[in-house]
Amino acid sequence: MTIVQRFTEGTVFKLFPVTETEQELLLRVESRTKDQLSLTNLLQGGVAVYRSIEEVESSLAEGRVEFVINSPDSQDEFSLSEDLASLPKKQREEVVRRFKYISRLRASVKTWTDKSLTPLIPAIAKELNDSNPPGWRTLARWNESFCANGQTVKGLFTNAMKQGNHTGRLGSAVEEFIKEAIDTYKTKEKISIHEAWDNLDGFITNANKKLPKENQLKTPSYEIFRQRIKTESPYEVMKAREGKRKADIEFASVGMSLKLERALQRVEVDHTKLDVFVLDDESRLPLGRPWLTTSIDALSRSITGIYIGFHPPSFLSLTKLLKSIIIPKNHIKERYPNIMNPWVCSGVPELFVFDNGKEFWSKDLEIVLAELNIQTQYNPVQKPWLKGKIERLYGTINKKLLMSLPGKTFSNIFEKGDYDPEKNAVITFSTFLEILYTWIVDVYQQQPVAKGTIIPDLAWKEGILDFPPRHVDPKRLDIILGRTKYSKLRRGGVQYSNLHYDSDELTRLRGKIGSSQVMYKVDPDDLGHIHVFDESERKYIKVLAVDYENYAKGLSEWQHKVHRKYARKYIREKYRHDDVVAARDAIRELIEREIDNWENRGRKGKAGATAKAARYGKVADDSTGSITGIANSQQSNPSSESREQNKSDDSLKVTIDRSNWVTTKGGE
């Protein structure tokens, strides 16, 4: 792994001085060459600064570099560099296709040669259902460009993709002549770029002799041609002009080593339905067994992120997990002050390993992972690589945390459903979250695992010394993690799932581009807004739903689907938006009535259907622990009043007993 991957375009970092007379620098990477970084000094009004790769690598090794997640100069939260999702569908699919080939090969090969690559291509093509696989030379060129662009997907963009609105301006015929002229440059005659451009002019002049006057081709300028040659793979150019041996020596390219050297090099992901029966924080209505999605760093065995909720495994639960993995976890200690240690794990994984569940085969997920430059590895069917680790983890949770919880005591309130009083504990959702987070941070991360050979917290700290994790600005991350959609921009804005989105800024955009198709990002957990990509300005525009306050604020995609289904079934087949709002109110009333009936029955009755209510109520670790507020608001976070009420209600309260936990604060 090269230093380039840690200092990609947009990376912000502090460079601490060697002596007291020097000043601390806050730098942002603007671009790079093979040997040098072009930087902006954010503390001195955007002054340009240049540093060699060697110098920055040395500073990192000396501990004088600190990566910054939020750039202090970033005032426009939606002004982003061009990302993968902003490309037209066919171009986006081509980049993802290239990324899949490259990521699979980089995990398997050390040299990008005919002998190494050709035998592997048919199997990958079959896996990707690709009837026209690339040749080994093309793959080597893609890999070289991928590495030259800091191992990001932008290195897999074609020239046409990089040109944005200029795509196709030269025409296919001229493009073919450019390729021919570049081929004359890539020969052992070693002609100059200007001589190759003269050849291009000759090709086009000869072609024009056979074309009518109205179809005459224009020779591109020398500068356009020179820039085109600069986009060629340096390895391929040197190999053609100097010979393979010299090129191999100059550009020794190796794939990803199988040996684990750093944190987040390989992260394993799995889901499980917990053997814990949780109750509503306020009404004590039984909600059922929540889903837990977990990730583990293969090097340090650290738990890098979790997501708990009632959504079954899906794109939503995976993006929630990704956010948990990537962002710093300072908020956990603030949320639970009794936790003694910080949860130190954060950053973008390099490789995601998971099974063949259908939730992992999502086009939206492919785009998200490619944009974050996360490679993927699917485990063969019936070979669950992580099952043993996860089952041992949950076995430990059940044994050490849940044995003393009141399970059998409340078994009389459950007549049917998936509750087994011999197996399942009974606990309020928020209390279970506190227990689980405390156990992860203060117990699992601090005690030896892997037969006593690894302490996750210490192993993580050692694993990031030479290769600090890569981070993404949280505001940009929220956009990246959304679903990618396309719609025509019409009068009245954009329509998604029968919801309308419009704003003054979107109207101005329509004035510039007309009724054209636009790309936008949707958060499936909050349809209150979308982010529309303005291609001319290369930025995202946040656009609220027209009915934001009355209906869409904090509305999840699943809630909206339930409302529409209810409206269609009980109100009218060709329902209107007002019918959907009415359906929402009716569903809220049904849930409140069920809660009241539960209270009136002395908290006795059947369990089973309320898991859907918990999903509808967005009961999750990043939201709320109760569905009782549904009738009053669509807030995605519990109110302070609700939290205070929970604190004052001692029924079913469980004190966290640490007596059986052997901890070492800080893992030192």
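The values are calculated or read from the model by the stated rules, or taken from the named source; none is laboratory data. Keep in mind it's a predicted model, so treat the numbers as computed, not measured. So basically every Cβ, Gly included, is an ideal-geometry build from the backbone, and we count neighbours across all protein chains shown. What goes into the accessible areas is simple: the full protein's heavy atoms, side chains included, and nothing from ligands, DNA or RNA. Shrake-Rupley method; radii C 1.70, N 1.55, O 1.52, S 1.80 Å.
About its Cα centre, how strong a charge dipole does the stretch 518-588 have in debye, to the nearest 20, once Lys and Arg get +1 and Asp and Glu get -1 at the Cβ? Walk me through the numbers before you get to the answer.
Values: 15 positive and 13 negative charges, 80 e Å.
That gives a dipole near 380 debye.
Kindly write out, for the stretch 579-589 in residue order, the coupling ³J(HN,Hα) from the Karplus curve 6.51 cos²θ - 1.76 cosθ + 1.60 (θ = phi - 60°), rounded to whole Hz, with x marking Gly and Pro.
Using θ = phi - 60°, the values come out as 5, 5, 4, 5, 5, 4, 5, 5, 5, 4, 5 Hz.
If one computes the Cα centroid of the stretch 514-550 and of the stretch 85-110, what distance in Å separates the two points?
Between the Cα centres of the stretch 514-550 and the stretch 85-110 lies a distance of 26 Å.
If you stretched the chain out fully between Gln216 and Leu590, how much longer would it get, using 0.36 nm times the residue separation minus the C-alpha to C-alpha distance?
127.5 nm
Sorted by mean Cβ packing within 10 Å, highest first, what order do the peptides 327-338, 298-309 take?
The peptides rank, most packed first, as 298-309, 327-338.
Can you give the local net charge around Ala620? Use residues other than it whose beta-carbon is closer than 15 angstrom to its beta-carbon, Lys and Arg +1, Asp and Glu -1. Kindly include the intermediate steps, with their values, before the conclusion.
Working: positive: Lys273, Arg289, Lys320, Lys323, Arg335, Lys612, Arg615, Lys618; negative: Asp280, Asp281, Glu434, Asp523, Asp525, Asp526, Glu557, Asp621, Asp622.
Net charge in that neighbourhood comes out at -1.
List every residue whose amide H lies under 5 Å from the amide H of Asp280, counting only residues 5 or more places away in sequence or on a different chain, with H placed 1.01 Å from N in the peptide plane.
Close amide H contacts, sequence-distant or interchain: Leu285, Leu287.
Within a Cβ distance under 13 Å of Gln495, other residues only, what is the Lys/Arg minus Asp/Glu net charge?
+2
For Val449, enumerate residues with amide H under 5 Å from its amide H, sequence gap 5+ or separate chain, H modeled in the peptide plane.
Correct list: Ile454, Ile455.
So which trypsin sites (Lys or Arg not before Pro) in the stretch 502-540 pass both tests, a DSSP loop state and at most 15 other Cβ atoms within 10 Å of the Cβ? Walk me through the numbers on the way to the answer.
On the way: sites: Arg508, Arg510, Lys512, Lys521, Arg538, Lys539; in loops: Arg538.
Counting only loop positions with at most 15 other Cβ atoms within 10 Å, the trypsin sites (Lys or Arg not before Pro) in the stretch 502-540 are Arg538.
By average Cβ neighbour count within 10 Å, what is the ranking of 456-462, 217-223 from highest down? Don't jump to the answer; show the numbers that get you there.
Numbers: 456-462: 21.1, 217-223: 14.6.
Highest-to-lowest ranking by the protection proxy: 456-462, 217-223.
Greater than 19 Å separation of Cα atoms is the criterion. Which listed pairs, Lys90/Lys320; Lys89/Lys565; Lys115/Lys244; Lys273/Lys553; Lys90/Lys485, meet it? Working shown, then result.
On the way: Lys90/Lys320 27 Å; Lys89/Lys565 30 Å; Lys115/Lys244 14 Å; Lys273/Lys553 29 Å; Lys90/Lys485 13 Å.
Among Lys90/Lys320; Lys89/Lys565; Lys115/Lys244; Lys273/Lys553; Lys90/Lys485, the Cα-Cα distance tops 19 Å for Lys90/Lys320; Lys89/Lys565; Lys273/Lys553.
Could you run the Karplus curve 6.51 cos²θ - 1.76 cosθ + 1.60 with θ = phi - 60° over the stretch 268-274 and give me ³J(HN,Hα) per residue in whole Hz, x for Gly and Pro?
9, 10, 7, 10, 7, 8, 6
Long-range amide H contacts for Ser38: which residues qualify at under 5 Å (H placed 1.01 Å from N, peptide plane, sequence gap of 5 or more or a different chain)?
Glu30, Ser31, Arg32, Thr33
With all protein chains present, calculate the accessible area of Glu535 using a 1.4 Å probe and round the result to the nearest 10 Å².
Accessible surface of Glu535 is approximately 80 Å².
Largest first, what is the accessible-area ranking of Phe432, Phe203 with a 1.4 Å probe?
Working: Phe432 5, Phe203 60 Å².
Accessible-area ranking of Phe432, Phe203, largest first: Phe203, Phe432.
So, taking all protein chains as they sit and a 1.4 Å probe, how much accessible area belongs to Tyr235, in Å² rounded to tens?
Spelled out: Tyr235, probe radius 1.4 Å, area about 20 Å².
Quote the accessible area belonging to Val344 in square angstrom, nearest 10, computed with a 1.4 Å probe and with ligands, DNA and RNA left uncounted.
Rounded to the nearest 10, that gives 40 Å².
Work out the length of the dipole vector of the stretch 434-565 about its Cα centre, built from +1 on the beta-carbon of each Lys and Arg and -1 on the beta-carbon of each Asp and Glu, and round it to the nearest 20 debye. Present the calculation step by step, with values, prior to reporting the outcome.
Values: 21 positive and 19 negative charges, 170 e Å.
That gives a dipole near 820 debye.
Which is farthest toward the positive dipole end of the stretch 439-579 among Val443, Ser556, Val518, measuring Cα position about the Cα centre, with Cβ charges +1 (Lys, Arg) and -1 (Asp, Glu)?
Going by the Cα projections, it comes out as Val518.
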